[in-house]
Amino acid sequence: MSDSTQAPSIIIRDIDGVSELRPVEELQKEVWGCADLDVAPLTILVATREVGAVLIGAYDGSSLAGFVYGFPGYEHGQIIHHSPMLAVRPAYRNHKLGFKLKLAQRERVFAQGIKRITWTFDPLQCLNAHLNFGKLGVIADKYKTNFYGEATSSFLHQIGTDRLWVTWLIDSQRVRDRLQTDKVKSIAPDDVAAVVRVSSGCEPDTSHSSDLIGSQRLSIEIPWNINDIQRDQPQLAANWRAATRAAFTSAINADYLVSDFYRATRHDRSVGVYLLTLKEESK
């Protein structure tokens, strides 16, 4: 890697040829800590590329620093592109590579005549939520409980594999505006009823949740450091999974749309705040 005091010279390009696919397998294991059994193998990558899959890498010289992968699919009677993997080596995570890889993916998919990209992510992961909602402009109206089963070999999947299913409408005005904005909105609105709050002890506070469904807007707060909590206080992490699962599923079933994400401060610590709006208001 380049000198750590300088930004590396990264090239974003399509991953080409069988020889360049082995590092994709290795990067999956490095980033997600998963066993061979849970890795998308070279054979699947080769086959899906032949029928429209997009596989783009971020290269620092000859070294693969990150990649994004997706393939054509079918949802609600329309052709979409589903993108199950975006990975960046830890040493490169201050260089906006995830954002740059998604922009490159948007270009490739748009050239295929497809205008909708979907993917899933763990709603307890703040940095992913910030990228997805704050910088890319996705929306979400589906919550998948244990999408990949109750656990996998990855250290990230030990409190379940719940996922928000997000939709990136790549040619929408919302997305174009978000991509052209230099500064992401970072201040959560303070007049929104919170279904889940981060308490002073970092516990999920759901004491008022049953009274709030029906409000025009809702919020769901999460701790900013769920990975640290999972490592040091696994039961607390499990409590957060249960509380947010109930909150998201109840709200989405009541016709709310997850529309934005912010960073805020509660009890002198950073928290993440999801904003949810009724679908009628979102139109």
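The values are calculated or read from the model by the stated rules, or taken from the named source; none is laboratory data. Since the model is a prediction, treat every value here as computed from it, not as a measurement. In this analysis, Cβ positions are derived from the backbone assuming ideal geometry, glycine residues included, and neighbour counts consider all displayed protein chains.
Across region 245-259, the number of residues qualifying as in contact with a strand residue (DSSP E or B) (Cβ under 6 Å, 6 or more places away or on another chain) and either part of a helix (DSSP H, G or I) or within 14 Å of Ala194 (Cα to Cα) (or both) comes to 7.
Under the condition of being of a type outside the set (A, V, I, L, M) and free of Cβ contacts under 8 Å to residues at least 40 places away in the same chain, the residues counted in region 226-255 number 8. Cβ-Cβ distances below 9 Å connect the following pairs, each with a first residue in region 118-129 that is not assigned by TED's automatic domain parsing to the domain that holds Asp228, a second residue that is acidic (Asp, Glu) and assigned to a strand (DSSP E or B), and a separation of six or more residues or different chains: Thr118/Glu75.
Among the residues of region 193-212 satisfying the criterion of being at pLDDT below 90 and aliphatic (A, V, I, L, M), which is farthest from Arg231 (Cα to Cα)?
That would be Leu212.
The set of residues from region 249-269 being in contact with a Leu (Cβ under 9 Å, 6 or more places away or on another chain) and either on the phi > 0 side of the Ramachandran plot or not charged (D, E, K, R) (or both) comprises Ala251, Ile252, Ala254, Asp255, Tyr256, Leu257, Val258, Ser259, Phe261, Tyr262. Restricting region 139-180 to residues that are surrounded by 17 or more Cβ atoms within 10 Å (Cβ to Cβ), closer than 16 Å to Pro84 by Cα and among the small types (Gly, Ala, Ser) leaves a set whose member that is modelled with the lowest pLDDT is Ser154.
Cβ-Cβ distances below 8 Å connect the following pairs, each with a first residue in region 25-43 that is within 14 Å of Arg89 (Cβ to Cβ), a second residue that is among the charged types (D, E, K, R) and surrounded by fewer than 14 Cβ atoms within 10 Å (Cβ to Cβ), and a separation of six or more residues or different chains: Lys29/Asp36.
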